[in-house]
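The block underneath contains the structure these notes are about, expressed in structure tokens.
The values are calculated or read from the model by the stated rules, or taken from the named source; none is laboratory data. No experiment lies behind these values; they were computed from the predicted model shown. All Cβ positions, glycine included, derive from the backbone under ideal geometry; neighbour counts span all protein chains shown. In case anyone asks, the SASA skips ligands and DNA or RNA and just uses the protein heavy atoms, side chains included. Shrake-Rupley method; radii C 1.70, N 1.55, O 1.52, S 1.80 Å.
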Amino acid sequence: MRLGVNIDHIAYLRETRKINDPDPLEAIFIAKRSGASQITVHLREDRRHICEYDLSRIIESSFLPINVECSTNANIIKVVCELKPHRITIVPENRNEVTTEGGLLLQDSLLPVMERILHSDIDVALFIDPNEASIEKCLKFGEKLGLISKKSSKSSEMINTLSRSLGVELHTGKYANLSLMIESNLSRTHNSIKELELSRSKLASLLSFELNSLIYQSKQASNEGLLVFAGHGLNYHNVKPITNISYIEELNIGQSIIARSIFTGLENAIKDMIKIIKRD
Ligand code: PXP
């Protein structure tokens, strides 16, 4: 399973002082030698962490593919398309949120944006909630854009005649929050998630529901020809059950890796994560 390391939080730390240290560019070289498969960054409309300056230096210097998360804002799409990352993952964005809160609202207005990205020779993925309606809508988008591989009539294998496919990144935030509330001491702190202050048995059944949705929806998506990724809130404790879902090809993980790197160094933090998620 591939690991995309999201390095936004390094730029976050820099922005707390408004100086030039730490430089997220340094992280891309450490990520490469630690065995990561991809660098992920989010160019937010408010530029609260990564900015164009970071993005252009990262894209020019990286040996790893770059996945840029961004909204459909026309100016942002123009900037990112001109910089030509490997992939653009379209995410919803709300200025007041601490981090990306939910999956995309899958409206037809996404289609011209996706076309614009594909015309720039950049792969496209959509960050979605793991539910049936979202997968169905993505399949419709994929068909309209000619990005769905058809199944062979003789076998269940995909005929891979397309040079590219539509990617979906399943939002694991709900799963991650439930796991934090049940398996860590978060509920005993000032950051306890109010709407999840429930009995442990209720939390356990919600957690199992979320995990089953991720399993079922990733299977549907993959069988129908979408590329399946996942991310948000994944950490060293909750990631294992997600790595057991064979339909998911890649995880994008940021906060927990950067948090651990404060104590262990970034190289060890990335290697520790890879040890957990690697498939033999
Ligand atoms: N994937 C997407 C689409 C995201 O928006 C984020 C957060 O920027 C992540 C993955 C990584 O989330 P985390 O920092 O919680 O690991």
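How big is D for the chain, in µm² s⁻¹ as a whole number, if Stokes-Einstein is applied with the Kirkwood radius of its Cα pairs at 4 °C and 1.567 mPa s? Write out the running numbers ahead of the final one.
Details: Rh = 19.4 Å.
D = 67 µm²/s.
Once amide H atoms are placed 1.01 Å from N in the peptide plane, what residues at a sequence separation of 5 or more from Thr89, or on another chain, have their amide H within under 5 Å of its amide H?
Here Val68, Glu69, Cys70, Ala125 satisfy the definition.
Work out how much length Glu45 to His190 would gain on full extension: take 0.36 nm times their residue separation and subtract the Cα-Cα distance, in nm to one decimal. If you can, show how the numbers build up before the last one.
Numbers: separation 145, 0.36 × 145 = 52.20 nm, distance 2.89 nm.
Length gained, Glu45 through His190: 49.3 nm.
Over the Cα atoms of the range 205-280, what is the Rg over Rh ratio if Rh follows Kirkwood?
Values: Rg = 13.5 Å, Rh = 13.3 Å.
With Rh from the inverse mean 1/r over Cα pairs, Rg/Rh is 1.01.
What trypsin sites (Lys or Arg not before Pro) does the range 13-55 have in DSSP loop regions with at most 15 other beta carbons within 10 Å? Walk me through the numbers on the way to the answer.
Numbers: sites: Arg14, Arg17, Lys18, Lys32, Arg33, Arg44, Arg47, Arg48; in loops: Lys18, Arg44, Arg47, Arg48.
Filter output for the range 13-55: Lys18, Arg47, Arg48.
Whole Å is fine, so just give me how far the alpha carbon centre of the range 50-123 lies from that of the range 209-280.
Centre-to-centre distance over Cα atoms comes out at 21 Å.
May I ask you to give the percent of accessible area on the chain that is carbon plus sulfur, with a probe radius of 1.4 Å?
Carbon-and-sulfur percentage of accessible area, whole number: 51.
What does the extension gain come out to for Ile19 and Glu60, with contour length at 0.36 nm per residue minus their alpha carbon separation? Don't jump to the answer; show the numbers that get you there.
On the way: separation 41, 0.36 × 41 = 14.76 nm, distance 2.19 nm.
Net length gain for the segment: 12.6 nm.
Taking the Cβ of Leu105 as the center, what net charge do the other residues with Cβ under 13 Å away carry, scoring Lys and Arg +1 and Asp and Glu -1?
Numbers: positive: Lys137; negative: Glu93, Glu101, Asp108, Asp129.
With Lys, Arg at +1 and Asp, Glu at -1, the net is -3.
Please give the charge dipole size of the range 1-74, origin at the Cα centre, charges +1 on K and R Cβ atoms and -1 on D and E Cβ atoms. Round to the nearest 20 debye.
Roughly 180 debye, rounded to the nearest 20.
Per-residue HN-Hα couplings for the range 118-131, Karplus 6.51 cos²θ - 1.76 cosθ + 1.60 at θ = phi - 60°, whole Hz, x for Gly and Pro?
With the stated coefficients, the range 118-131 comes to 5, 4, 8, 6, 10, 5, 10, 9, 10, 8, 10, 6, x, 9 Hz.
Rounded to the nearest 10 Å², what accessible area does Lys271 show when all protein chains are kept and the probe is 1.4 Å?
80
What is the calculated FRET efficiency for Tyr53 to Arg2, with r their C-beta to C-beta distance and R₀ = 22 Å, to the nearest 0.05?
Working: r = 27 Å, r/R0 = 1.23.
For Tyr53 and Arg2, the calculated efficiency is 0.20.
Under the Karplus relation 6.51 cos²θ - 1.76 cosθ + 1.60, θ = phi - 60°, what is the ordered set of whole-Hz ³J(HN,Hα) values for the range 179-184, x standing for Gly and Pro?
So the Karplus estimates, Gly and Pro as x, are 5, 5, 6, 9, 10, 10 Hz.
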